[in-house]
Amino acid sequence: DENFNTPASAAELEHWNLYSPLWARVSVVAEPGQRTNRCLELRDAEPYDYALAERAFPESRRLKIAFRVQVRKAGVAALDCEVQDRQGQRPLRLHLDGAWLAADLGRQRAEPYAIKPGQWLNIQLALDCATQSYELSVNGSALRKIPFAKPVESVERLVFRTGPWRGAVPS
């Protein structure tokens, strides 16, 4: 249960690992249109790098994760949300580009979900390493069970990143 209202800045986030280059900032800001509610913002104007916020949690074989996310302006950048194991294997990736939310199916993608820039999305994930699959719910609409892109025994971190994964080398 994470709350961004208490820390004065991103540097005070206790359980988060942040990568925040000069042109791809991670910061705690007032939620758009709110004065009292604060959120974590990843802002990226860097053509060769990305902003990253990673939240570690206890190793789990079954897990439910819920978060709210908003893409205000994507430009050429996009937001990737991943759950990873201890070696950085990515059994699931959600890709938000400003108009669509897509879920990985290994080398294929599930049917994309249309989104509007500036719209808050309530995302819920239910992961099960025993079945090597997860369920995705966006704003209360459940999408079908989705198989993991990579088999993993357990997961232990949630990652938000504004650019492509450095290990993604086109073949």
(message) Let me spell it out: the conditions are (1) modelled with pLDDT under 90; (2) loosely packed, with under 15 Cβ neighbours inside 10 Å, and residue 153 meets all of them except one. Which number is the exception?
(response) (1)
(message) When you check residue 169 against the structure, is it at pLDDT below 95, out of contact with any Phe, Trp or Tyr (no Cβ under 6 Å at 6 or more places or on another chain) and assigned to a loop (DSSP other than H, G, I, E, B), yes or no?
(response) yes
(message) Suppose we keep only residues that are among the acidic types (Asp, Glu) and outside any strand (DSSP E or B) within region 7-41. Which one would you say is farthest from residue 73 (Cα to Cα)?
(response) 14
(message) Looking at region 42-55, I want the residues that are in contact (Cβ under 8 Å) with a residue 24 or more places away in the chain and in a loop (DSSP other than H, G, I, E, B) and have a partner that is among the hydrophobic types (A, V, I, L, M, F, W, C) and open to solvent by 30 Å² or more (accessible area, probe 1.4 Å) with Cβ atoms under 7 Å, at least 6 apart or on another chain. Which pairs are those?
(response) 46/23; 51/42
(request) Being exposed (fewer than 14 other Cβ atoms within 10 Å of the Cβ) and acidic (Asp, Glu) is the filter here, so list the residues in region 111-142 that pass it. (result) 111
(request) Could you list, in sequence order, all residues of region 46-61 that are more than 18 Å from the chain's Cα centre (by Cα) and farther than 14 Å from residue 85 by Cβ? (result) 46, 47, 48
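Name the residues in region 78-88 that are part of a loop (DSSP other than H, G, I, E, B) and open to solvent by less than 70 Å² (accessible area, probe 1.4 Å), would you?
From region 78-88, those part of a loop (DSSP other than H, G, I, E, B) are 78, 85-88; that's our starting set.
Result: 78, 85, 88.
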(request) May I ask you to list the residues in region 56-77 that are surrounded by 12 or more Cβ atoms within 10 Å (Cβ to Cβ), hydrophobic (A, V, I, L, M, F, W, C) and in a strand (DSSP E or B)? (result) 56, 57, 63, 65, 67, 69
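The values are calculated or read from the model by the stated rules, or taken from the named source; none is laboratory data. These figures come from a predicted structure and were not determined experimentally. Every residue, glycine among them, receives a Cβ derived from its backbone with ideal geometry; neighbour counts consider all protein chains shown. Areas reflect the complete protein model, heavy atoms only, side chains present, ligands, DNA and RNA absent. Shrake-Rupley method; radii C 1.70, N 1.55, O 1.52, S 1.80 Å.
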